[in-house]
Amino acid sequence: MYLTAIQTLIIIIVIAIGTMITRFTPFILFPEGKEKPKYILYLGKVLPPAMMGLLVVYCLKSVSILSSTHGVPEIFAILSIILLHKWKNNVLLSIGGSTLIYMMLVQHIFQ
C-alpha cells in the first residue's frame, strides 16, 4: 500500500501533535510554582522500580530451564548488569555492556 503525499503529511502532523500533547501536558497540569499532588509524588517514587521489575519479568518470561542453554546466557547477562552498574554506576554502560555480553554468548558460545 502506497501513501500519497497528502496522506504522508497528515500522518506526520498527527504524530507531531500527539508527541507535543504528551510532552506538554505535564507542564500544563503541574506548573513549576504549584505544589504537586501527593499521589503524583508517590507515583514518581514507585513507578520507576516497578517498571524495571516489569521489564525483567517480560525479558525472562520465555526463558526455559529445560531448554538447551538452561538460561545460562540470561543469568550471565543479569550478573553483568549488576556488576557493571556497581562498578561504574552508569546506566548506559550497564545496559549496553550487558547487551553486548548477552549477544556474544547467544551467538558464539550457546548456539
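Listed values, structure above:
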item: Residue check, Val106 in contact with a Ser or Thr (Cβ under 9 Å, 6 or more places away or on another chain), open to solvent by less than 70 Å² (accessible area, probe 1.4 Å) and assigned to a loop (DSSP other than H, G, I, E, B); result: no
item: Inter-residue pairs, beta-carbon under 7 Å, first under 16 Å from Met52 (Cα atoms) and in segment 68-97, second buried (at least 16 other Cβ atoms within 10 Å of the Cβ) and of a type in the set (Phe, Trp, Tyr), 6+ apart; result: Ala77/Tyr102
item: Count - residues of segment 58-69 that are modelled with pLDDT of 90 or more and either of a type in the set (Asp, Glu) or open to solvent by 100 Å² or more (accessible area, probe 1.4 Å) (or both); result: 2
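The values are calculated or read from the model by the stated rules, or taken from the named source; none is laboratory data. Just so you know, these numbers come straight off a predicted model, no measurement behind them. We place every Cβ from the backbone using ideal geometry, glycine too, and count neighbours over all the protein chains shown. All accessible areas refer to the heavy atoms of the entire protein, side chains included, with ligands and DNA or RNA removed. Shrake-Rupley method; radii C 1.70, N 1.55, O 1.52, S 1.80 Å.
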